[in-house]
Amino acid sequence: MTCFSDYEPKQRSDGKPNWLHKTKEEYVEYLREYAVHYKVKETLRMGEKVVKISMKTLPGEKATYNITTNKWLPDGKKVEQTDGPYDHIAFCIGGNREPFIPDIPGAEGFKKAGGEYHHSAEFGAAKSVEEAFNWADGKRVVGLGMGESMADIYGIMLEEHPRPPKDCYVAIRGGSWIIPRVNPLNGKVNDWDSTRLRYSMPKWAHNMAVSFCGFLACFFDTTGDKEQALRYKLMTTIPGMKPCYKPATKSNRFISVIAKEKAKLVHAGIEKFEGKNVHFTNGKIVEDVDSIVFGTGFRPFELFSESITFEGQAPPEICPCQRFLRTFDPKFGSGIGFIGIGIRPLVGSIPTVAEIQARLFVAVVSNERVLPPTHIMEARAASDAELAYREFGAENGNARSVTSWKGITNWIPFMDSIAREVGCAPKPIWMLTKPFLALKLMFGPMTVMHYRLTGLGAKPKMAEDVIRRLPIGSRFSDMAFYTGIHSSIALFRWPVLFLKPITYRLIDTSQSSLPKIRMNSKKVM
């Protein structure tokens, strides 16, 4: 699910495919093999920090860019050098840099009394579980947050470490949609259930389906499954009961330790400290706490005010929702692109979205595709930002604010929107010409191999072979249920289609207020 579309992961040593999640060591090895195969290493200049970008524009010519870097020699001496001019720059820097720890009243008193602060970001550098969590031996610990990192930290700290904390409290301010890595209903990895069938329907319909199924599973549960009850409880406490409108937590580990009573759930945030006593916003007090683990994410990264000086004009737009396809700042055209920042999918993986962005960038800089005029890119970015606001809300870092830097995406629809511009999206005509492949694309697990079947950079033989071999993870009842939802929506839309043929997009007699981006030729978006 997270592999690149032009390099299939190796099979197991016994020749069988590995359908499980990769360990971090396996994933790093996959990246190393990819880099060797495509000779990426030779292009990298490690140990250099970009400190300045100078933009130069001559009359009648496109802008070029010089890059100034700092490099440190083995003796510690810093060397500054400037390279260029370059025609295009891609920022592939990510956004998670400086951990964010909220200001809580009484924090200094908590530390003076012997309390410790930890952040989830610090544990990734440890070489072993023991090294990461030795500080927790016999301590009373409060953890804040419930993303994937914290979900795993609770599980590792309480179940894998030989000397776990004495007591652990999991503090959560809001609810969440928890997706176990392995589906308890069929024992298969839940990735195989991430299908176009599920995620191509309108979000309101998907949300109703998920909420309804969660209710039925709990209402008719005869086994007393504590984990299932906890997952549903957290789903119901999402504001507005909208699990499909916020990023899912794709790990069940913290649910497991709470169900086993190795940790206690506190549905509130921290209000204040009084010495080593922690006061929560719901009135609960936990006394004599030794350590706080913050899973509170990262603070906004102001690239052009904190790290890189940009000369020549105002720096590029850092807010992803203000860019065309979250990649190009309309003011700079194809000169500057952003890849991999502000594209976190609600369900799915960042590398897959970043790859389709990278393919768009390459198509543009190689002149296989030409960006539309500036005013069209600005209009498209504005309409996409408005859609993001309606779909996800301001609390998810999208929307109308130019300071919103994170940005989340609707995984498959967002990748499809870019793939259509690149010209590599799956074709509806395959329902007639390649029906078995089309059915596998709809009912099988989503993979970026879908975007190697046709168009620029196509590798149809390899992609089709992989897609056909991927297992069907959805139960037949689930496939029938979601197919029924699609069919019902289509049935209710039929009168509208009949009365308003423009909806078919076969003819267009309207005068839209927003410019439409069309492939007028093989090179124009």
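The values are calculated or read from the model by the stated rules, or taken from the named source; none is laboratory data. Quantities reported herein were computed from a predicted structural model and do not represent experimental measurements. Note that we place each Cβ from the backbone using ideal geometry, even for glycine, and neighbour counts take in every protein chain shown.
Taken together, the residues in the range 298-348 that are surrounded by fewer than 19 Cβ atoms within 10 Å (Cβ to Cβ), of a type in the set (Gly, Ala, Ser) and in a loop (DSSP other than H, G, I, E, B) amount to 3.
At least 3 residues being of a type in the set (A, V, I, L, M, F, W, C) is the threshold, and among the strands (runs of 3 or more DSSP E) wholly inside the range 17-125 those reaching it are 48-56, 89-91.
Among (1) modelled with pLDDT of 90 or more; (2) farther than 30 Å from residue 183 by Cα, there is one condition residue 59 misses while meeting the rest; what is its number? All conditions are met except number (1).
Taking the conditions exactly as written (outside the structural domain of residue 56 (by TED's automatic domain parsing), under 30 Å from residue 238 (Cα atoms) and within 21 Å of the chain's Cα centre (by Cα)), does residue 339 satisfy them or not? Break it down stepwise before answering.
Working: outside the structural domain of residue 56 (by TED's automatic domain parsing): yes; under 30 Å from residue 238 (Cα atoms): no; within 21 Å of the chain's Cα centre (by Cα): yes.
Taking the combined requirement at face value, the residue does not satisfy it.
Scanning the range 101-116 for residues that are surrounded by 14 or more Cβ atoms within 10 Å (Cβ to Cβ) and farther than 12 Å from residue 276 by Cα gives 101, 104.
Could you tell me whether any residue of the range 394-406 is at pLDDT below 90, under 25 Å from residue 193 (Cα atoms) and surrounded by 19 or more Cβ atoms within 10 Å (Cβ to Cβ)?
Checked the range 394-406: at least one residue is at pLDDT below 90, under 25 Å from residue 193 (Cα atoms) and surrounded by 19 or more Cβ atoms within 10 Å (Cβ to Cβ).
Taking the range 126-144 as the range and being under 19 Å from residue 297 (Cα atoms) and surrounded by fewer than 23 Cβ atoms within 10 Å (Cβ to Cβ) as the test, the residues that pass are 126, 132.
Residue by residue, here is whether (1) closer than 25 Å to residue 174 by Cβ; (2) touching a Phe, Trp or Tyr at 6+ places or on another chain (Cβ under 7 Å); (3) touching a residue at least 40 places away in the same chain (Cβ under 8 Å) holds:
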{"residue": "280", "(1), (2), (3)": "yes, no, yes"}
{"residue": "285", "(1), (2), (3)": "yes, no, no"}
{"residue": "292", "(1), (2), (3)": "yes, yes, yes"}
{"residue": "306", "(1), (2), (3)": "no, no, no"}
{"residue": "311", "(1), (2), (3)": "no, no, yes"}
{"residue": "322", "(1), (2), (3)": "no, no, yes"}
{"residue": "329", "(1), (2), (3)": "no, no, no"}
{"residue": "332", "(1), (2), (3)": "no, no, yes"}
{"residue": "338", "(1), (2), (3)": "no, yes, yes"}
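Being over 19 Å from the mean Cα position of the chain (by Cα) and either without any contact (Cβ under 8 Å) to a residue 40 or more places away in the chain or closer than 18 Å to residue 24 by Cα (or both) is not true of residue 143. Number of residues in the range 274-290 that are crowded, with 18+ Cβ neighbours inside 10 Å and either β-branched (Val, Ile, Thr) or closer than 21 Å to residue 135 by Cα (or both): the value is 5. For the range 263-278, residues that are assigned to a loop (DSSP other than H, G, I, E, B) and in contact with an Asp or Glu (Cβ under 7 Å, 6 or more places away or on another chain) total 1.
Hey, does the range 231-251 have a residue that's of a type in the set (A, V, I, L, M) and more than 27 Å from residue 407 (Cβ to Cβ)? Don't jump to the end; show me each part of the working.
First, pick out the residues of the range 231-251 that are of a type in the set (A, V, I, L, M): 234-235, 238, 241, 248.
Subset that is more than 27 Å from residue 407 (Cβ to Cβ): none.
No, every residue in the range 231-251 fails to be of a type in the set (A, V, I, L, M) and more than 27 Å from residue 407 (Cβ to Cβ).
A count restricted to the range 19-57 and to residues that are exposed (fewer than 13 other Cβ atoms within 10 Å of the Cβ), farther than 30 Å from residue 309 by Cα and basic (Lys, Arg) stands at 3.
Residues that are touching a residue at least 40 places away in the same chain (Cβ under 8 Å) and closer than 29 Å to residue 281 by Cα do occur in the range 179-191.
Answer yes if at least one residue in the range 469-485 is surrounded by fewer than 14 Cβ atoms within 10 Å (Cβ to Cβ), in a loop (DSSP other than H, G, I, E, B), not charged (D, E, K, R) and not assigned by TED's automatic domain parsing to the domain that holds residue 188, and no otherwise.
Within the range 469-485, one or more residues are surrounded by fewer than 14 Cβ atoms within 10 Å (Cβ to Cβ), in a loop (DSSP other than H, G, I, E, B), not charged (D, E, K, R) and not assigned by TED's automatic domain parsing to the domain that holds residue 188.
Of all the residues in the range 146-182, those that are in a helix (DSSP H, G or I), of a type in the set (Ser, Thr, Tyr) and more than 25 Å from the chain's Cα centre (by Cα) number 0. If the condition is being exposed (fewer than 13 other Cβ atoms within 10 Å of the Cβ) and of a type in the set (Gly, Ala, Ser), then the range 207-236 contributes only 224. When the range 62-85 is limited to residues that are modelled with pLDDT of 90 or more and among the acidic types (Asp, Glu), the one that is surrounded by the fewest Cβ atoms within 10 Å (Cβ to Cβ) turns out to be 80.
Yes/no matrix, rows are residues, columns are (1) farther than 30 Å from residue 286 by Cβ; (2) of a type in the set (A, V, I, L, M):
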{"position": "44", "(1), (2)": "yes, yes"}
{"position": "53", "(1), (2)": "yes, yes"}
{"position": "65", "(1), (2)": "yes, no"}
{"position": "74", "(1), (2)": "yes, no"}
{"position": "92", "(1), (2)": "yes, no"}
{"position": "96", "(1), (2)": "no, no"}
{"position": "109", "(1), (2)": "no, no"}
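A residue that is assigned by TED's automatic domain parsing to the domain that holds residue 122 and assigned to a strand (DSSP E or B) cannot be found anywhere in the range 253-262.
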